[in-house]
1. Could you pull out the residue among 142, 180 that is closer than 24 Å to residue 121 by Cα, crowded, with 19+ Cβ neighbours inside 10 Å and not assigned by TED's automatic domain parsing to the domain that holds residue 104?
2. Which of the residues spanning region 254-277 are modelled with pLDDT under 65 and assigned to a loop (DSSP other than H, G, I, E, B)?
3. Can you pull out the residues in region 161-172 that are exposed (fewer than 14 other Cβ atoms within 10 Å of the Cβ), assigned to a loop (DSSP other than H, G, I, E, B) and in contact (Cβ under 8 Å) with a residue 24 or more places away in the chain?
4. Quick one: residue 184 ticks every box in (1) out of contact with any helix residue (DSSP H, G or I) (no Cβ under 7 Å at 6 or more places or on another chain); (2) free of Cβ contacts under 8 Å to residues at least 24 places away in the same chain bar one, so which box is it?
5. Only one of these conditions is not met by residue 132: (1) exposed (fewer than 13 other Cβ atoms within 10 Å of the Cβ); (2) assigned by TED's automatic domain parsing to the domain that holds residue 59. Which number is it?
6. What are the residue pairs meeting all of these: first residue in region 135-160, first residue closer than 23 Å to residue 76 by Cβ, second residue assigned to a helix (DSSP H, G or I), Cβ atoms under 9 Å, and 6 or more apart or on different chains?
7. Which ones in region 173-189 are farther than 18 Å from residue 214 by Cβ and assigned to a loop (DSSP other than H, G, I, E, B)?
8. When the residues of region 83-92 are narrowed to those that are without any contact (Cβ under 8 Å) to a residue 40 or more places away in the chain and surrounded by fewer than 21 Cβ atoms within 10 Å (Cβ to Cβ), which ends up farthest from residue 53 (Cα to Cα)?
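The values are calculated or read from the model by the stated rules, or taken from the named source; none is laboratory data. Predicted, not measured: the structure shown is a model, and the values here were computed from it. For neighbour counting, all protein chains shown are included, and Cβ atoms are generated from backbone atoms with ideal geometry for every residue, glycine included.
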């Protein structure tokens, strides 16, 4: 290795540690070349914006967050430049990224030609990934709840790119029954994330043939069960709780409540010989939806 190579390594190491003793960034700041290296930021007072130097020379910057508030910490490239992350979604990268949660960090390196390249970050899980967690708190690194909320395409451009390329994007008008999908929101400035809270997730069939005719992200009705809650009539099939008032029969039998309208004319026959019909839509207390034994585990989605 030549002397020049040795000097380059030394300079690279100095760039990495530069800034360790700098004052924590508490308000919007445009970094200079001298500010690069290790940068601590605190967004507890409100949204914080840090702008990177012009990427005209090789340099490193690691921006690490020390607060754990819900305020946004935004890291912008200089005007006309980009930060190259999630390049599988957009080859040229994005004008900014977010540092989310206490301890989250992004380590970026200038390519000397107008872009910052992602070297490392706290959590490199792909955007849009869904996982179960063992805490109701959100982990740092870019996680949120798949709660079906509307998002701004400008604020979350990489997530909007993911939605468009997912094969699971529907219009807002078609959302009912497709709650596991992204929607196009108002068609111009917003989009909606999937709503997964309180739902059982089933693996998409993908041509296996066990769950045919389904679209990815589509909602499937639960299996309808019939209750003989008052024991004043007989049914072809039913679950019976002699000490349970009618309006508690479904929950006592371990069934979920139903939206009767979704089951149309589904009915049970009542009376000796099955002479009468009790429809779910008219007598919802006599019906419920079956569920397996389960644990309520928080579900999370990767936002960046």
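1. None of the others qualify; the one that does is 142.
2. 271, 272, 273, 274, 275
3. 167
4. Tallying (1) out of contact with any helix residue (DSSP H, G or I) (no Cβ under 7 Å at 6 or more places or on another chain); (2) free of Cβ contacts under 8 Å to residues at least 24 places away in the same chain, residue 184 fails exactly one: (1).
5. Among (1) exposed (fewer than 13 other Cβ atoms within 10 Å of the Cβ); (2) assigned by TED's automatic domain parsing to the domain that holds residue 59, residue 132 violates only (2).
6. What qualifies is 151/159; 151/160; 152/160; 153/159; 153/160; 154/160.
7. Result: 184, 185, 186, 187, 188, 189.
8. Step one: of region 83-92, the residues without any contact (Cβ under 8 Å) to a residue 40 or more places away in the chain are 83-84, 87-88, 91-92.
Then drop every residue that is not surrounded by fewer than 21 Cβ atoms within 10 Å (Cβ to Cβ), which leaves 84, 87-88, 91-92.
On the way: 84: 15, 87: 21, 88: 25, 91: 21, 92: 18 Å.
Taking the candidates together, the pick is 88.
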